[in-house]
Amino acid sequence: MAVIRKKTGNFLEDFEIGSTLRHKVGKTVTEGLFNAFTEFNMTTNPLHKNRRAAQRYGYRDMILPPGLVMNVVFSQSVEDISENARANLEYIDMRFGAPVHVGDTIEVSSVVLGVKPSSRDKDRGVVHVQTTGRNQDGAVVLTYERKVQVWKGNMEAPVADAALEQAPAVECTLWLPPYDAGKKYGELAHLSNADTYFEDFTAGDTIEHSRGRTVTTEHIALTAMLDNTSQVHCNQVLIDQDPDRFIGGQLIIFGGIPFNLCLGLSCPDIADNALADILYKSGKHTGPLFAGDTVFAATEITGKSDYPGRPDLGVLETILRGYKYVKKGDARERTEIFYLERSIAVKRRSHYL
């Protein structure tokens, strides 16, 4: 009888430029998953919490918050892209398409755009991919690029520095319900904050969100609910075998959790009256998060513009920053952990009250 040690995930030398990875399994969004993440991230937008409100606005049912859409799509790519990763480095051009409801099934594929071995650390390099999630009808719900630092499995394996000239075009059109004055939206205005309409924001302002949330070892269960298999989030034995190899020498919280949480913490002040997130131009995890850390967030308003063809909406341009406090002697130092350039479709008071 043979003892077979199975290999899971890809190492740096396994990625082929231009190849398409069709990720296994897929994910049907259940009420349990929807509830766990909308409650955890403290979102307050009625579209994610109140069926009557979502249907009044023209959605089939409550819609997933954007951070949960991202988490469902991202996690399906982990086994093939980042199970053997050291760190996720950057999100690029994350665009939202069809809304996602409970009962929808999301399947995901990725195209390898580039591989770049490290010139300093021979045991690792950066993989650049484009990942796209589609629902059961084939409609794109999310597409984005990301860069991830991946370990080599075989230190002697040659890895060429190569990249596609440009990423394949992915048609991704944000779906928004049409405006209908006959629906008397103002009857439900009490469900959201009165000071988060498009007219209420001023470019140049920074809003310090008042709530924080401590993340405990619950992060392991939340990561598992998403089918994210990366071992650096759940396998303490792996960390203990070589703690210097891993950030902080301990389990690191999956980046999708602070991503999702920062969006939720900002929601009462920024997105309470949003119909959708449009685009995340660039995002980065600028510092690690561990069990016991408390996450806070702040949003800088960087610009405002009209939403093309929709006089009832405006586009709010923002920078969302997540942070925690780290003890330095007797003092506490504010340390950034997350950065996101975010465009949001926000209702105008002139049309919805």
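The values are calculated or read from the model by the stated rules, or taken from the named source; none is laboratory data. Since this is a predicted model, take the numbers as computed values, not measurements. Cβ coordinates were reconstructed from backbone atoms using ideal geometry, including for glycine residues, and neighbour counts include every protein chain displayed.
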For this session: Would you check which residues across the range 194-226 are of a type in the set (Gly, Ala, Ser) and over 30 Å from GLY303 (Cβ atoms) and list them?
Result: ALA221, ALA224
Problem set entry | Residue satisfying condition, being without any contact (Cβ under 8 Å) to a residue 24 or more places away in the chain and under 30 Å from CYS267 (Cβ atoms), within set GLY133, GLY182 | GLY182
Exercise. For the range 141-161, how many residues meet the condition of being over 16 Å from ASP121 (Cβ atoms) and either basic (Lys, Arg) or modelled with pLDDT of 95 or more (or both)?
Worked result: 6
Seminar exercise, completed: Looking across the range 1-32 at residues that are in contact with a helix residue (DSSP H, G or I) (Cβ under 6 Å, 6 or more places away or on another chain) and not in a loop (DSSP other than H, G, I, E, B), the single one that is farthest from LEU68 (Cα to Cα) is LEU21
For this session: Please give the strands (runs of 3 or more DSSP E) falling wholly within the range 240-347 in which 3 or more residues are touching a residue at least 60 places away in the same chain (Cβ under 8 Å) and polar (S, T, N, Q).
Result: 294-307
Problem set entry | Selection within the range 75-106 - surrounded by fewer than 22 Cβ atoms within 10 Å (Cβ to Cβ) and of a type in the set (A, V, I, L, M) | ALA87, LEU89, ILE92, ALA98, VAL102, ILE106
Exercise. Among the strands (runs of 3 or more DSSP E) contained in the range 122-233, which hold 2 or more residues that are under 18 Å from the mean Cα position of the chain (by Cα), surrounded by 14 or more Cβ atoms within 10 Å (Cβ to Cβ) and β-branched (Val, Ile, Thr)?
Worked result: 124-134, 140-151
Exercise. Is the range 36-48 home to any residue that is free of Cβ contacts under 8 Å to residues at least 12 places away in the same chain, out of contact with any His (no Cβ under 9 Å at 6 or more places or on another chain), more than 30 Å from ALA181 (Cβ to Cβ) and not aliphatic (A, V, I, L, M)?
Worked result: yes
Problem set entry | Search result, residues across the range 7-26 that are closer than 22 Å to THR223 by Cα and either without any contact (Cβ under 8 Å) to a residue 12 or more places away in the chain or surrounded by fewer than 19 Cβ atoms within 10 Å (Cβ to Cβ) (or both) | LYS7, THR8, ARG22, LYS24, VAL25, GLY26
For this session: Take the range 67-85 and flag every residue that is polar (S, T, N, Q), outside any loop (DSSP other than H, G, I, E, B) and either more than 16 Å from the chain's Cα centre (by Cα) or within 19 Å of THR44 (Cβ to Cβ) (or both).
Result: ASN71
Exercise. Does the range 49-63 hold any residues that are over 19 Å from TYR179 (Cβ atoms) and small (Gly, Ala, Ser), and which are they?
Worked result: none
Seminar exercise, completed: Residue hits (the range 239-272; more than 25 Å from VAL73 (Cβ to Cβ) and either modelled with pLDDT of 95 or more or touching a Leu at 6+ places or on another chain (Cβ under 7 Å) (or both)) are ILE239, PRO268, ASP269
Exercise. Quick check: is even one residue across the range 57-66 within 30 Å of ALA163 (Cα to Cα), touching a residue at least 60 places away in the same chain (Cβ under 8 Å) and either part of a loop (DSSP other than H, G, I, E, B) or not acidic (Asp, Glu) (or both)?
Worked result: yes
Problem set entry | Output for the range 301-342, where each listed residue is within 27 Å of ILE252 (Cβ to Cβ), crowded, with 16+ Cβ neighbours inside 10 Å and touching a Ser or Thr at 6+ places or on another chain (Cβ under 8 Å) | THR318, ILE319, LEU320, ARG321, TYR323, LYS324, ILE337, PHE338, TYR339, LEU340, GLU341, ARG342
Exercise. Residues in the range 42-70 that are more than 10 Å from VAL100 (Cβ to Cβ) and among the β-branched types (Val, Ile, Thr): how many?
Worked result: 2
